[in-house]
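Peer 1: Quick one: this structure, given as structure tokens, is what I'll be asking you about.
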Amino acid sequence: MNAPTQGWVVIAGLGPGDEALITSQVRDALAQATDVVGYIPYVRRIAPRDGLTLHESDNRVELDRAAHALDMAAQGRRVVVVSSGDPGVFAMASALFEALEAGPEAWRELDIQVLPGITAMLAAAARIGAPLGHDFCAINLSDNLKPWALIETRLRAAGGAGFAMAFYNPRSKSRPHQFARALEILREECGGDTLISFARAVSTEEERIVTVTLDEATPDMADMRTVVIVGNRDTRRVGRFVYTPRSAE
């Protein structure tokens, strides 16, 4: 990025956890920033330095966080809004544009950039092999921002259409039973012998990868740090890897 002469906002992805997976574009933006805004654990990944203010906030105030970033940029600050993974995948990029749409007209003239990151889905898939090697979709299993009935509809549609699937936020303490229902639907639509992989804390010291069949899968295999990847009927093992062929009938 060129040195700015006015305020700007960059929405940046910090990758799945390993600092080596942060892109050079994102590192450059952080080096130029006057302010970093984000959810508490993501902001704490940023090293403090002179001239940089770190703004931590709770995970359920995304629109307030986005509006704060836009307001600071309008005052001439250089602001990086951080997400884990990629900011455009169930993260802060959409929230910022929602705040932009609802905010003052002047905000729309700001210099705003989205810098991609390596999302957990792709980091997990790389560890597993190539389970997303053919058509696939990503579904957030949290019902905080959409009804559970819609999630069930999408699970049935994706499974029935033969998509490989990646699931974010599969199971939390506040909704421990919904993932059990998701597994039931997947068995019905995909078949019990379809492979499912649980990738927890990918690229960190706590990483754990487990692949079983849907019939063998249990809800307690997943938590909020787990990305779940379900293959289609063609997905298979080769040695210690799992892959989905590029061709389908």
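Peer 1: What's the number of the condition ARG240 fails, among (1) closer than 17 Å to ALA125 by Cα; (2) surrounded by 12 or more Cβ atoms within 10 Å (Cβ to Cβ)?
Peer 2: Checking ARG240 against (1) closer than 17 Å to ALA125 by Cα; (2) surrounded by 12 or more Cβ atoms within 10 Å (Cβ to Cβ), the one that fails is (2).
Okay, residues lined up against (1) crowded, with 20+ Cβ neighbours inside 10 Å; (2) over 20 Å from the mean Cα position of the chain (by Cα):
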residue: LEU145; (1), (2): no, no
residue: ARG156; (1), (2): no, yes
residue: ARG175; (1), (2): no, no
residue: VAL227; (1), (2): yes, no
residue: THR244; (1), (2): yes, yes
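Peer 1: Here's another thing I want to ask about it. Within the range 5-23, count every residue that is within 18 Å of SER203 (Cα to Cα) and not charged (D, E, K, R).
Peer 2: Counting residues in the range 5-23 that are within 18 Å of SER203 (Cα to Cα) and not charged (D, E, K, R) gives 9.
Peer 1: Could you list all residues from the range 1-31 that are modelled with pLDDT of 95 or more, under 20 Å from GLY76 (Cβ atoms) and open to solvent by 30 Å² or more (accessible area, probe 1.4 Å)?
Peer 2: Scanning the range 1-31 gives ASP28, ALA31.
Peer 1: Output the residues belonging to the range 178-236 that are without any contact (Cβ under 8 Å) to a residue 40 or more places away in the chain, assigned to a strand (DSSP E or B), more than 16 Å from ALA158 (Cα to Cα) and not charged (D, E, K, R).
Peer 2: PHE198, VAL210, VAL212, THR213 - these are the residues of the range 178-236 that are without any contact (Cβ under 8 Å) to a residue 40 or more places away in the chain, assigned to a strand (DSSP E or B), more than 16 Å from ALA158 (Cα to Cα) and not charged (D, E, K, R).
Peer 1: Answer yes or no: is there a residue in the range 233-240 that is modelled with pLDDT of 95 or more and touching a helix residue (DSSP H, G or I) at 6+ places or on another chain (Cβ under 6 Å).
Peer 2: no
Peer 1: Could I ask something else about it? Could you figure out which of (1) on the phi > 0 side of the Ramachandran plot; (2) under 21 Å from the mean Cα position of the chain (by Cα) isn't true of GLY51?
Peer 2: (2)
Peer 1: Sort out which residues of the range 158-173 are surrounded by fewer than 13 Cβ atoms within 10 Å (Cβ to Cβ) and in a helix (DSSP H, G or I), and write them in order of number.
Peer 2: Scanning the range 158-173 gives a single hit, GLY160.
Peer 1: Could you list all residues from the range 45-63 that are surrounded by 13 or more Cβ atoms within 10 Å (Cβ to Cβ) and not β-branched (Val, Ile, Thr)?
Peer 2: Scanning the range 45-63 gives ARG45, LEU52, LEU54, HIS55, GLU56, SER57, GLU62, LEU63.
Peer 1: Same structure again: Please state which of the following conditions TYR39 fails to meet, knowing it meets all the rest: (1) over 21 Å from the mean Cα position of the chain (by Cα); (2) surrounded by 14 or more Cβ atoms within 10 Å (Cβ to Cβ).
Peer 2: In the conditions (1) over 21 Å from the mean Cα position of the chain (by Cα); (2) surrounded by 14 or more Cβ atoms within 10 Å (Cβ to Cβ), TYR39 misses (1) alone.
Peer 1: Further, regarding this structure: Assess whether ARG108 counts as being over 23 Å from TYR42 (Cβ atoms) and either assigned to a helix (DSSP H, G or I) or open to solvent by 30 Å² or more (accessible area, probe 1.4 Å) (or both).
Peer 2: yes
Peer 1: Something else: How many residues are part of a helix (DSSP H, G or I) and either in contact with a helix residue (DSSP H, G or I) (Cβ under 7 Å, 6 or more places away or on another chain) or buried (at least 17 other Cβ atoms within 10 Å of the Cβ) (or both) when one looks only at the range 111-126?
Peer 2: So the count comes out to 6.
The values are calculated or read from the model by the stated rules, or taken from the named source; none is laboratory data. Every value quoted in this text rests on a predicted model; they were computed, and no experiment measured them. Positions of Cβ are backbone-derived with ideal geometry, glycine not excepted, and every protein chain shown enters the neighbour counts. Areas reflect the complete protein model, heavy atoms only, side chains present, ligands, DNA and RNA absent. Shrake-Rupley method; radii C 1.70, N 1.55, O 1.52, S 1.80 Å.
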